[in-house]
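Trainee: What follows is a single structure, and I will ask about it in a moment.
The values are calculated or read from the model by the stated rules, or taken from the named source; none is laboratory data. Keep in mind it's a predicted model, so treat the numbers as computed, not measured. Positions of Cβ are generated from backbone atoms using ideal geometry, with glycine treated the same way; all protein chains shown enter the neighbour counts.
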Amino acid sequence: MWIALAVVAAIVLWFVLTYNSFVKLRGFVQEAFSGMDVYLKKRYDLIPNLVETVKRYMSHEEQTLTRIVELRSIAAGAATPQDKLAAEGELSGAIGRLFAVAESYPQLMSSEQFISLQNELTGVEDQIAQARKYYNGAVRQYNVKTQTIPSSLVAGICGFKAMPYFESSEQERQNVKVDFGQ
């Protein structure tokens, strides 16, 4: 009887410790996302200034600028982390295309305001990249625990599900085509 009671106590203790480790790892993922969200907000704040500066020089690139503003609104208003991550990928790709297109406008490229905004945005993008690495690392730890035996049993019982990575969008993976033949 004492042996059976000890086995049950060990199983309960293991279950509680495993559950608590899931809570801890989920907290790390949420913290990582929150930190990344701070840098994303900084980028959202820079985009209107960038768009206004670029508008002065790139009047016939209105579609590109409009799309960036739309994507910024979608990303800023995303309700779930999954929606935000998807919108962020598209926004990053659109900003990359904007900078590639801007190279075709010598007056814009020599504008101090544009250069300053571009440098500031590049710095924020670097911070986002670092935050993305931290977030993905936290997600990896959490997801491995949800998918490996025996902890996957606790994950299934308690509803801990794998979380999404912050991956590059298809647009970010494509090379940007720049045409200087104007």
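Trainee: Confirm whether Ser104 is surrounded by 14 or more Cβ atoms within 10 Å (Cβ to Cβ), under 19 Å from the mean Cα position of the chain (by Cα) and at pLDDT below 90.
Mentor: No.
Trainee: Need the failing condition index for Ser21 against (1) within 30 Å of Gln141 (Cβ to Cβ); (2) under 20 Å from the mean Cα position of the chain (by Cα), just the number.
Mentor: (2)
Trainee: Same structure again: Do you know which of the residues in the stretch 1-57 that are under 27 Å from Ala94 (Cα atoms) and small (Gly, Ala, Ser) is modelled with the highest pLDDT?
Mentor: Across the stretch 1-57, the extreme among qualifying residues is Ala32.
Trainee: Taking the stretch 143-164, which residues are assigned to a loop (DSSP other than H, G, I, E, B) and within 30 Å of Ala87 (Cβ to Cβ)?
Mentor: Gly159, Phe160, Lys161, Ala162, Met163, Pro164
Trainee: Further question: Based on this model, can you work out whether Asp179 counts as assigned to a helix (DSSP H, G or I) and either at pLDDT below 90 or out of contact with any Pro (no Cβ under 8 Å at 6 or more places or on another chain) (or both)?
Mentor: The answer is no for Asp179.
Trainee: Also: For Thr66, state whether it is loosely packed, with under 14 Cβ neighbours inside 10 Å, hydroxyl-bearing (Ser, Thr, Tyr), modelled with pLDDT under 90 and out of contact with any Lys or Arg (no Cβ under 6 Å at 6 or more places or on another chain).
Mentor: Against the criterion (loosely packed, with under 14 Cβ neighbours inside 10 Å, hydroxyl-bearing (Ser, Thr, Tyr), modelled with pLDDT under 90 and out of contact with any Lys or Arg (no Cβ under 6 Å at 6 or more places or on another chain)), Thr66 qualifies.
Trainee: How about the stretch 106-120: which of its residues are without any contact (Cβ under 8 Å) to a residue 60 or more places away in the chain and among the aliphatic types (A, V, I, L, M)?
Mentor: Leu108, Met109, Ile115
Trainee: Sort through Ala75, Ala79 and tell me the only one that's free of Cβ contacts under 8 Å to residues at least 60 places away in the same chain, in contact with a Phe, Trp or Tyr (Cβ under 9 Å, 6 or more places away or on another chain) and not hydroxyl-bearing (Ser, Thr, Tyr).
Mentor: Sole residue among the options that is free of Cβ contacts under 8 Å to residues at least 60 places away in the same chain, in contact with a Phe, Trp or Tyr (Cβ under 9 Å, 6 or more places away or on another chain) and not hydroxyl-bearing (Ser, Thr, Tyr): Ala75.
Trainee: Please determine whether any residue of the stretch 51-63 is surrounded by 15 or more Cβ atoms within 10 Å (Cβ to Cβ), more than 29 Å from Pro164 (Cα to Cα) and polar (S, T, N, Q).
Mentor: Checking the stretch 51-63: at least one residue is surrounded by 15 or more Cβ atoms within 10 Å (Cβ to Cβ), more than 29 Å from Pro164 (Cα to Cα) and polar (S, T, N, Q).
Trainee: In addition: Is it fair to say Lys145 is over 16 Å from Gly35 (Cβ atoms) and basic (Lys, Arg)?
Mentor: Judged against the criteria, Lys145 is a match.
Trainee: Tell me, please, whether a residue that is free of Cβ contacts under 8 Å to residues at least 60 places away in the same chain and either within 23 Å of Leu25 (Cβ to Cβ) or not aliphatic (A, V, I, L, M) (or both) can be found in the stretch 91-100.
Mentor: Checking the stretch 91-100: at least one residue is free of Cβ contacts under 8 Å to residues at least 60 places away in the same chain and either within 23 Å of Leu25 (Cβ to Cβ) or not aliphatic (A, V, I, L, M) (or both).
Trainee: When the residues of the stretch 121-139 are narrowed to those that are among the small types (Gly, Ala, Ser) and either touching a residue at least 24 places away in the same chain (Cβ under 8 Å) or surrounded by 20 or more Cβ atoms within 10 Å (Cβ to Cβ) (or both), which ends up farthest from Lys161 (Cα to Cα)?
Mentor: Ala131
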